[in-house]
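First comes the structure, then the notes that go with it.
The values are calculated or read from the model by the stated rules, or taken from the named source; none is laboratory data. What you see is a predicted model, and the numbers here were worked out from it, not measured in a lab. Note: ideal-geometry Cβ built from the backbone for every residue, glycine included; neighbour counts use all protein chains shown. Just the protein is used for accessible areas: all its heavy atoms, side chains included, with ligands, DNA and RNA removed. Shrake-Rupley method; radii C 1.70, N 1.55, O 1.52, S 1.80 Å.
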Amino acid sequence: MGAQGAAPQGDDESGRGVGRRRFLGYVLAGPTLVVAAQLGEEVLAPTEAQAAIPSLPEPADILDLTDLLTTAALPTSGLISIQLNTDGTASFALPRAEVGQGVTTSTAMLIAEELDIPLAQVKITLADARPELLFNQLTGASNTTVSTYTPIRVAAATARQRLLAAAAAQFGVPASTLTTAAGVVSSPSGQSATYGSLAVAAASQVTLQVGVALKAQSDFQVIGTAQNRIDALDIVTGRKQFAMDLSVPNALPTMVCRPPTVNGTPLSVQNLAAVKAMPGVTDVVTIATGVAVRAATFGQCIDAVRALQVTWAPGTEDNSSDATVQQELKAAELPLVVPPLNLLAQTVEATFTFAFASNSALEPNCAIADVRPGRAEVWAAVKAPIVAQGAIAAKLGLLPSAVTVHVVQGGGSFGRKLFFDAALEAAEISQLMGKPVKLMWHRTDEFRQGRTHPMSTSHVRATHALGQVLTFEQRHTSVATDFGHGLGEVITALVADLPVGDIGFSETIFELSQQTPYNFGVTTQLLSEVDKGFNTGSMRGIYSPNVRCAQELIVDRLAAGVGQDPYQFRRQTLKDPRAVAVLDKVAQLGDWGRTMAPGTAQGIALHPEYHSVAAMLVEIDCTPATTGRQIPDAYTGPRVTKVVCAVDAGLAVNPLGLQAQMMGGIMDGIAVALTSGMHLDNGVFQEGSWDNYFYTRQWNTPPDLQIVVMPPTSGTPGGAGELAVGAAMAAVACAYARATGTMPTSFPINHAAPLSFTPLPTTPPIPQSPVDGLPRAY
Amino acid sequence: MSAHTFILNGKPVSVDVEDDVRLLWVLRDVLGVTGPKYGCGLGVCQACTSHINGKAFNPCSVPVSAIQPTDEITTIEGLPATVGKDLHPMQEAWLEYDVAQCGYCQPGQIMAAVAKVRQARAAGHEIGDADFDEIRNICRCGTYFRIREAITAGAKNF
Ligand code: FES
Ligand code: FES
């Protein structure tokens with residue numbers, strides 16, 4: 001065929017998707033219709049920088065951490081598939097973890113949109129570990145919606161196209177005359193067929209590749225609408241099952257007696273026989289991290305753990321305390337380049353210290369394991385199940401293919417469930433005992449031996465002259481963050497292609513995730529890390545909340561230095577118009593600059609990350625009447641009385657879910673700014689209870705909270721899970737500085753004060769449950 | 001081991017277990033009633049909150065031997081039956097405001113909310129900000145604000 005005769009390709013196919021790009025879908029062989037798509041999508045376009053005094057684009061401006069995960073998702077051979085069932089439902093096993101962030105709901109929405117099916121007819125489960133998905137089964141860096149947005153829609157659109165074809169054959173009319181709505185195909189003459197009735201006819205006996213177009217954004221009926229969580233009813237009725245709620249035959253309650261100091265190890269047990277003879281106890285074994293007991297009830301496990309007399313070898317940090325770690329950090333700080341005393345410019349400079357913090361969720365570390373000769377089965381909420389599967393197999397001496405990892409819905413994560421500490425321990429215990437176990441960490445273990453967000457310092461020096469910022473340098477120094485959960489492997493596989501030069505692994509993550517959203521002339525942000533002896537992890541962000549808090553406090557100082565209002569100064573130096581828009585929104589809605597009573601003040605800040613941006617305006621009350629509130633076993637302190645948040649997530653798939661993520665992030669930001677930190681004393685974290693570790697409670701919840709979701713800006717969803725924390729923490733810190741007249745440099749701000757609680761003993765490692773429940777009933 | 005009887009979600013139950021085992025473990029590990037969650041075992045987090053004779057309490061902090069045969073224990077599973085419906089108005093309000101995130105704390109939050117509304121009424125007022133500030137239940141997902149909204153709405157319907 002000559003060139004002149006060639007039919008136009010691709011862009012002008014008939015029906016939906018005229019003039020738009022086509023994607024590749026698959027119809028898989030199956031008894032009913034099964035469709036699939038390749039997981040992964042193209043790297044998103046770079047952000048443009050528009051400069052007052054232009055800063056060179058930083059690596060994070062060009063390609064941020066969520067791009068990296070999305071890029072890593074490209075070369076995988078694994079497909080994700082949707083099955084159409086004869087009852088009209090569509091089933092999809094999501095290769096991600098649901099830990100409260102709402103990805104099962106947003107995923108169901110994507111399928112409902114492209115398939116034209118009611119949301120309630122989409123059934124989402126979590127996929128077991130699928131090694132063939134490689135990097136595609138890691139839930140982190142707020143990446144899920146970003147990397148699955150297109151592939152899931154492609155699969156759903158493929159299904160719709162097949163259903164249309166099957167109906168066309170049945171009705172004897174061209175497919176182009178048919179329409180779909182609410183799970184039914186209809187013809188103009190009034191014929192109709194439900195998807196369920198077409199599920200077999202639309203099936204294929206062989207695997208086919210087909211081209212499909214996606215709905216235009218202007219045609220969306222589900223995406224962008226507020227939808228309740230699909231598991232809300234199960235949650236409010238108590239039916240939602242977490243790992244510890246599963247009933248696996250003979251998997252009896254199991255707990256571990258843990259060492260008195262961080263990472264101590266068991267040497268010997270003095271009273272093994274006596275503990276084995278305790279009521280309910282079935283087994284006691286020594287494992288790498290302590291001494292495990294299995295009993296009829298968790299209550300009897302607690303008794304046994306408390307009764308165990310164990311001799312412990314020292315831990316990894318027995319001589320470390322807050323002050324010694326701070327010295328280590330100081331010694332490891334990378335030098336700043338611009339001299340502090342400058343004849344031509346004025347300098348603003350400060351060093352901020354951020355305490356260790358606990359990333360423990362309300363559901364403690366837990367897992368069920370059933371290890372038999374030659375095979376193992378594990379149930380746990382893990383965000384990196386493929387890595388978990390490999391590690392468990394190695395620990396047990398099995399091939400990965402002999403280990404099944406069931407991903408269970410998690411009771412919160414905040415970074416903790418990127419790791420699989422409990423799954424690994426449960427497998428080890430089950431193998432040693434030769435019995436199935438249901439392992440639970442005690443709350444006190446969660447704080448004392450669980451992962452922490454590492455202590456860090458941030459040294460910022462900025463210079464300005466003639467009303468303009470000339471330089472902005474930030475040196476972040478942190479106790480090492482553990483990335484041994486799979487994100488590490490993503491980075492290692494791709495690091496050679498990144499625009500960050502020859503730097504180390506953590507530094508790569510830092511460069512990829514940290515940005516300065518302002519045009520501050522010559523800008524550098526560098527990380528250095530020390531001390532690998534702690535159990536660490538991210539906590540709704542890796543470095544961002546602390547880095548951002550330090551930056552925004554200095555931005556307020558710079559604004560004062562150049563004689564400008566903090567809001568106006570920010571808006572004039574911001575690089576990205578989307579950032580200006582959210583800042584304007586909160587300033588206007590929150591009545592920025594209104595007169596505030598003494599001891600109270602406003603603060604304003606913003607945080608861009610993962611192609612999204614959030615701004616916060618907060619009001620804080622630091623008056624003695626408020627800071628002196630008396631609540632038993634509580635730290636009250638200043639109260640954030642109002643938060644106005646505006647968020648631009650590019651395209652919010654579910655605005656109600658996005659608002660929920662912002663709300664949660666705001667509570668975290670308030671906590672890390674004001675109240676929640678860990679005190680390290682000779683290898684022991686002093687906190688051992690929620691009444692010691694002051695995560696935000698109702699008495700510190702802002703009674704006034706407004707969250708505005710901006711209209712779509714970029715057409716693709718950005719990350720949102722971690723976004724609000726940095727902006728909220730920074731805005732609270734800025735408000736506190738203004739209300740008290742003193743810029744805080746140590747976080748949380750109550751950290752330096754004497755402990756307001758009596759630390760629990762370290763031996764036995766966990767406290768007994770109280771018996772005063774009835775007198776306290778209300 | 002000794003036998004303990006009480007009324008659980010409207011039905012008499014009997015369990016054979018040591019006297020000092022806390023009720024939470026009797027519910028979860030022996031009876032398989034998993035709505036009440038473990039978050040601390042210390043009477044702090046309130047994730048296990050259930051009702052005893054209509055009052056909110058922490059089963060993690062009550063030995064089973066302290067429960068009398070006539071005591072009525074209600075967990076989240078039995079809450080709707082207390083109003084003779086499929087859902088208690090507080091659960092409906094939770095759905096309306098899409099309160100839950102991970103959901104782990106929410107059975108305890110709802111049980112606490114119902115009792116808190118009743119407690120405020122017994123003290124002669126409708127629930128408000130000062131009462132909300134007394135609720136100790138942890139939500140590590142930070143759903144506190146929607147909890148306040150949902151309680152305000154739910155209280156109007158029972
Ligand atoms: S588990 Fe009962 S109060 Fe925490
Ligand atoms: S919803 Fe997750 S702890 Fe409350």
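If you go through region B:15-66 one residue at a time, how many are in contact (Cβ under 8 Å) with a residue 60 or more places away in the chain, within 7 Å of another protein chain (Cβ to nearest Cβ) and among the small types (Gly, Ala, Ser)?
The qualifying residues number 4.
Examine region B:97-110 for a residue that is modelled with pLDDT of 95 or more, of a type outside the set (A, V, I, L, M), away from ligand 2 (no atom under 13 Å from the Cβ) and open to solvent by 10 Å² or more (accessible area, probe 1.4 Å), and state whether such a residue exists.
Checking region B:97-110: not a single residue is modelled with pLDDT of 95 or more, of a type outside the set (A, V, I, L, M), away from ligand 2 (no atom under 13 Å from the Cβ) and open to solvent by 10 Å² or more (accessible area, probe 1.4 Å).
Can we say A:Leu583 is open to solvent by less than 10 Å² (accessible area, probe 1.4 Å) and in a strand (DSSP E or B)?
no
State whether one or more residues within region A:739-752 are within 14 Å of chain B (Cβ to nearest Cβ), assigned to a loop (DSSP other than H, G, I, E, B) and open to solvent by 60 Å² or more (accessible area, probe 1.4 Å).
Checked against the condition, which is being within 14 Å of chain B (Cβ to nearest Cβ), assigned to a loop (DSSP other than H, G, I, E, B) and open to solvent by 60 Å² or more (accessible area, probe 1.4 Å), region A:739-752 yields no hits at all.
Do we find a residue being touching a Pro at 6+ places or on another chain (Cβ under 9 Å), crowded, with 24+ Cβ neighbours inside 10 Å, closer than 18 Å to B:Tyr104 by Cβ and modelled with pLDDT under 95 anywhere in region A:426-446?
no
For A:Leu617, are the conditions met, namely being farther than 30 Å from B:Ala130 by Cα, in the same structural domain as A:Thr742 (by TED's automatic domain parsing) and in a strand (DSSP E or B)?
For A:Leu617, the condition - farther than 30 Å from B:Ala130 by Cα, in the same structural domain as A:Thr742 (by TED's automatic domain parsing) and in a strand (DSSP E or B) - is not met.
Quick check on this structure: which one of B:Ile135, B:Ile151, B:Ile147 is open to solvent by less than 10 Å² (accessible area, probe 1.4 Å) and facing another protein chain (nearest Cβ under 7 Å)?
Sole residue among the options that is open to solvent by less than 10 Å² (accessible area, probe 1.4 Å) and facing another protein chain (nearest Cβ under 7 Å): B:Ile135.
Would you point out which residue out of A:Gly664, A:Gly677 is open to solvent by less than 10 Å² (accessible area, probe 1.4 Å), modelled with pLDDT of 95 or more and within 16 Å of ligand 2 (Cβ to nearest atom)?
A:Gly664
Scan region B:105-130 residue by residue and report those that are in contact (Cβ under 8 Å) with a residue 40 or more places away in the chain, within 7 Å of chain A (Cβ to nearest Cβ) and within 15 Å of B:Arg146 (Cβ to Cβ).
Answer for region B:105-130, where residues must be in contact (Cβ under 8 Å) with a residue 40 or more places away in the chain, within 7 Å of chain A (Cβ to nearest Cβ) and within 15 Å of B:Arg146 (Cβ to Cβ): just B:Cys105.
Would you check which residues across region A:202-230 are in contact with a Gly (Cβ under 7 Å, 6 or more places away or on another chain) and within 14 Å of another protein chain (Cβ to nearest Cβ) and list them?
A:Arg229
Report the residue count in region B:36-47 for those that are within 13 Å of ligand 2 (Cβ to nearest atom) and either among the β-branched types (Val, Ile, Thr) or open to solvent by less than 10 Å² (accessible area, probe 1.4 Å) (or both).
6
Filter region A:99-116 down to the residues that are open to solvent by 10 Å² or more (accessible area, probe 1.4 Å) and away from ligand 2 (no atom under 16 Å from the Cβ) and list them by number.
A:Ser106, A:Asp116
Would you confirm whether any residue within region A:268-277 is open to solvent by 10 Å² or more (accessible area, probe 1.4 Å), more than 9 Å from chain B (Cβ to nearest Cβ) and in a strand (DSSP E or B)?
yes
In region B:53-93, which residues are within 16 Å of ligand 1 (Cβ to nearest atom) and either under 14 Å from B:Gly10 (Cβ atoms) or basic (Lys, Arg) (or both)?
Matches in region B:53-93: B:Lys55, B:Ile73, B:Thr74, B:Thr75, B:Ile76.
Take B:Val83 and tell me if it is of a type outside the set (Asp, Glu), more than 16 Å from ligand 2 (Cβ to nearest atom) and open to solvent by 10 Å² or more (accessible area, probe 1.4 Å).
Spelling it out, B:Val83 is indeed of a type outside the set (Asp, Glu), more than 16 Å from ligand 2 (Cβ to nearest atom) and open to solvent by 10 Å² or more (accessible area, probe 1.4 Å).
Among the residues of region B:17-24, is there at least one that is over 20 Å from A:Ala296 (Cα atoms), away from ligand 1 (no atom under 13 Å from the Cβ) and open to solvent by less than 20 Å² (accessible area, probe 1.4 Å)?
No.
Can B:Ala100 be described as facing chain A (nearest Cβ under 8 Å) and either within 14 Å of the chain's Cα centre (by Cα) or on the phi > 0 side of the Ramachandran plot (or both)?
no
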